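A short reminder: the numbers here are calculations on the coordinates, not readings from a lab. Treat the numbers as computed from the prediction; the structure is a model and nothing was measured. Note that we place each Cβ from the backbone using ideal geometry, even for glycine, and neighbour counts take in every protein chain shown.
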Amino acid sequence: TDQAFDVLGFTQEEKDDIYKITASVMHMGGMKFKQRGREEQAEADGTEEGDRVAKLLGVDCGDLYKNLLKPRIKVGNEFVTQGRNKDQVAYSVGALSKGMFDRLFKYLVKKCNETLDTKQKRQHFIGVLDIAGFEIFDYNGFEQLCINFTNEKLQQFFNHHMFVLEQEEYKIEGINWDFIDFGMDLLACIDLIEKPMG
């Protein structure tokens, strides 16, 4: 990965920031919270992971926990502090980590596109069909790529087992049949995404 970043022209500072954000998202998954007695308020159940997250992101650990446990929200014209229970804090941590990773993914795609852009007329493109439905988004992020990629793999699995292997079996058994063209073989697209270095 580090060599690929070098090839794509990422600076050492950019690479370090990417690694820090990725590590902080992973450490967020280990942050623990507990309910405070009979109150509708959560509290940290140890701060080891939170300390790591704060250090990686260059923020104050106390501020990180304060904003997760008792965020300030705007009500009318003034700001008030709102207490959060354990589930609400867990949702906030999840939303924060998902948002950070999504923004990092968008940044990486933008940076790669800028580096690889030849300013020449495009002759080819890579498309991943979403077979689950015709959703139209202004921008597809990492989550949508994962969904579409999974759909492509399922479609390839289905095509391979229902058409390719069946027709090979017909050949072996000497059965006469009309060749079924099931459409595109998706393996090249899947390999481009799945295999190391495409």
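List the pairs from K55/K111; K70/K106; K32/K70; K55/K106; K32/K66; K20/K106 whose alpha-carbon separation is above 21 Å, in the order I gave them.
In this structure, K55/K111; K70/K106; K55/K106 exceed 21 Å between Cα atoms.
Within the listed set A54, A188, A90, the Gaussian network model of the chain (springs between alpha-carbon atoms below 10 Å) gives the highest mean-square fluctuation for A188. Of all the options I18, I172, I147, the one that moves most in a Gaussian network model of the chain with Cα springs shorter than 10 angstrom is I172. Between D16 and V59, the modelled label-to-label distance comes to 2.0 nm, taking each label 7 Å out from Cα in the direction of the beta carbon. Past the 26 angstrom mark, what percentage of all C-alpha to C-alpha distances in the range 2-116 do you count? Above the 26 Å cut-off, the range 2-116 has 32 percent of its Cα pairs.
Restricting the range 1-79 to GluC sites (Glu not before Pro) that sit in a DSSP loop and have at most 12 other Cβ atoms within 10 Å of their own Cβ leaves E39, E40. Taking the chain as a Gaussian network, where each spring joins two C-alpha atoms under 10 Å apart, which residue of F157, F33, F179 fluctuates the most? Result: F179 has the largest fluctuation of those listed. As a size descriptor, the averaged projected area of the C-alpha convex hull of the chain was calculated at 19.3 nm².
The trypsin sites (Lys or Arg not before Pro) found in the range 15-115 that occupy coil by DSSP, while having at most 16 further C-beta atoms within 10 Å, are K32, R36, R38.
Annotation: amide H of R84 within the under-5 Å range of A42, sequence separation 5 or more or interchain, hydrogens built in the peptide plane.
Compute the Kirkwood hydrodynamic radius of the range 6-65, taking the inverse of the mean of 1/r over all pairs of distinct Cα atoms, and give it in Å to one decimal. Evaluated over the range 6-65, this radius sits at 13.1 Å.
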